[in-house]
Amino acid sequence: MTIRISGTGSALPQRTVTNTELTELVDTSDQWIRERTGIGERRISTGETVAALAADACRQALNMAGKTASEVELILVATCTPELLLPCCGCQVQSMLGASQAAAFDLNAACAGFLFALDTVYAYLKAGIYRNALVVGSEVISKLVDWSDRSTCVLFGDGAGAVFVEAANEDVICENGRTAGVEALLQGADGSKGSVLSCQERPVQNPFLPEQPEACAGPYVHMDGREVYKFATRQVPACILAALEQAELTVEDVDLFLLHQANERIIAAAAKRLGAELDKFPMNLQRLGNMSSATIPVLLDELNRAGRIHKGDRLVLSGFGAGLTYGATVLVWG
Ligand code: UT7
């Protein structure tokens, strides 16, 4: 048994915000943002919700797969920015799609969320519990951003990406002889580094505390950018190499590396450490910024629709995020 991604989709807010517009909010410049991150502009929600973006992306993925919402068995939404604490975003999406037969829930592994969700769905499908699933990464991270903090507000964007995944009972052998499906996956977390990238929301608060806590500073992203940078440039290549080793593959066996789109310099450093050509690392962060869990599925959808992914291509998906979390999945497109 293996899995096949038979549909991809993505959805972005209408409003584009350029670096120049941000210079009106904080002491920054287009040059600084481009040189340090590669980002030129991003989409920011002016009303689009995490759930609505997710549902739009799912509709496209279902359409491409030639499936109806009623055929969906599971919806797993990776998000760290849901509108509601209850019910979960997955259930909102289920209702919006009319996917009444689907189980639905959320998963939060921050920017690595989509990868963790894909791996989770792979395990469900492999165990025979479900036969198909929508896997989504959707974020409106702009609502967690302190728009007066130049060290974070220039980095992020909003958006959603989704894939429709189906179980394949028989091996699909591609023309190049590769067997389609997941070849290896690796997930990791280092909770001791949680404070490096965090966002406060609800501290313990009730009438029974001996002392009432100070008011929460605000639910804004707080980040030690240099620490995250160091972690990412070390951990992402190490994780990719370990996943490739699991599958008895080398860097040369990979056609495309789809990395979390946080910073062009992080991606270039990972490519260098791996000894791989940078043109195997497609990027869209120049246009979209860091959309947290949505970056990888949006990039996958853009490449798929542009005809840049072919049957038999070996892809490595890899990301990192708050937690700190990280992961890599090796798969052959089928
Ligand atoms: O999904 C995971 C999310 N997080 C990440 O991926 C973040 C990983 N880290 C990074 O991408 C980089 O560390 C940043 C892009 C956040 C920052 O780049 P950097 O080269 O590490 O810059 P820095 O933090 O060392 O700051 C250099 C200078 C500082 O000024 P001084 O102390 O040298 O005078 C900052 O205050 O740049 C200043 N600075 C800015 N200047 C203009 C910080 N943000 C800005 C800004 N515009 N937006």
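The values are calculated or read from the model by the stated rules, or taken from the named source; none is laboratory data. Since we're looking at a predicted model, the values are computed, not measured. As a convention, Cβ positions derive from the backbone with ideal geometry for all residues, glycine included, and neighbour counts pool all protein chains shown.
Table for the structure above
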{"read-out": "Any hit, segment 175-186, residues being outside any helix (DSSP H, G or I), within 16 Å of the ligand (Cβ to nearest atom) and touching a Leu at 6+ places or on another chain (Cβ under 6 Å)", "value": "no"}
{"read-out": "Residue list for segment 295-328, filter: in contact with a Ser or Thr (Cβ under 6 Å, 6 or more places away or on another chain) and either farther than 28 Å from residue 248 by Cβ or buried (at least 24 other Cβ atoms within 10 Å of the Cβ) (or both)", "value": "298, 300, 301, 317, 328"}
{"read-out": "Members of segment 54-69 that are surrounded by fewer than 22 Cβ atoms within 10 Å (Cβ to Cβ) and over 17 Å from residue 95 (Cα atoms)", "value": "63, 64, 66"}
{"read-out": "Criterion: aromatic (Phe, Trp, Tyr), touching a residue at least 12 places away in the same chain (Cβ under 8 Å) and outside any helix (DSSP H, G or I) - qualifying residue of 105, 114", "value": "105"}
{"read-out": "Some residue of segment 131-140 being touching a residue at least 40 places away in the same chain (Cβ under 8 Å), assigned to a loop (DSSP other than H, G, I, E, B) and farther than 17 Å from residue 260 by Cβ", "value": "yes"}
{"read-out": "Lone unmet requirement of (1) small (Gly, Ala, Ser); (2) within 16 Å of the ligand (Cβ to nearest atom); (3) out of contact with any helix residue (DSSP H, G or I) (no Cβ under 6 Å at 6 or more places or on another chain); (4) under 29 Å from residue 313 (Cα atoms) for residue 194", "value": "(4)"}
{"read-out": "Qualifying residue in segment 51-68 (condition: in contact with a Phe, Trp or Tyr (Cβ under 6 Å, 6 or more places away or on another chain) and more than 16 Å from residue 10 (Cα to Cα))", "value": "no"}
{"read-out": "Enumeration of residues in segment 124-153 that are buried (at least 24 other Cβ atoms within 10 Å of the Cβ) and β-branched (Val, Ile, Thr)", "value": "135, 136, 140, 141"}
{"read-out": "Odd one out for residue 261 among (1) more than 16 Å from the ligand (Cβ to nearest atom); (2) assigned to a loop (DSSP other than H, G, I, E, B); (3) over 18 Å from residue 182 (Cα atoms); (4) modelled with pLDDT of 95 or more", "value": "(1)"}
{"read-out": "Residue match in segment 120-128 (condition: touching a helix residue (DSSP H, G or I) at 6+ places or on another chain (Cβ under 9 Å) and either farther than 27 Å from residue 39 by Cα or not aliphatic (A, V, I, L, M) (or both))", "value": "no"}
{"read-out": "Residue, farthest from the ligand (Cβ to nearest atom), within segment 127-174, restricted to residues that are farther than 16 Å from residue 74 by Cβ and of a type in the set (Val, Ile, Thr)", "value": "173"}
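Per-residue answers, yes or no, for (1) over 21 Å from the mean Cα position of the chain (by Cα); (2) buried (at least 16 other Cβ atoms within 10 Å of the Cβ):
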{"residue": "165", "(1), (2)": "no, yes"}
{"residue": "179", "(1), (2)": "yes, no"}
{"residue": "183", "(1), (2)": "no, yes"}
{"residue": "186", "(1), (2)": "no, yes"}
{"residue": "194", "(1), (2)": "no, no"}
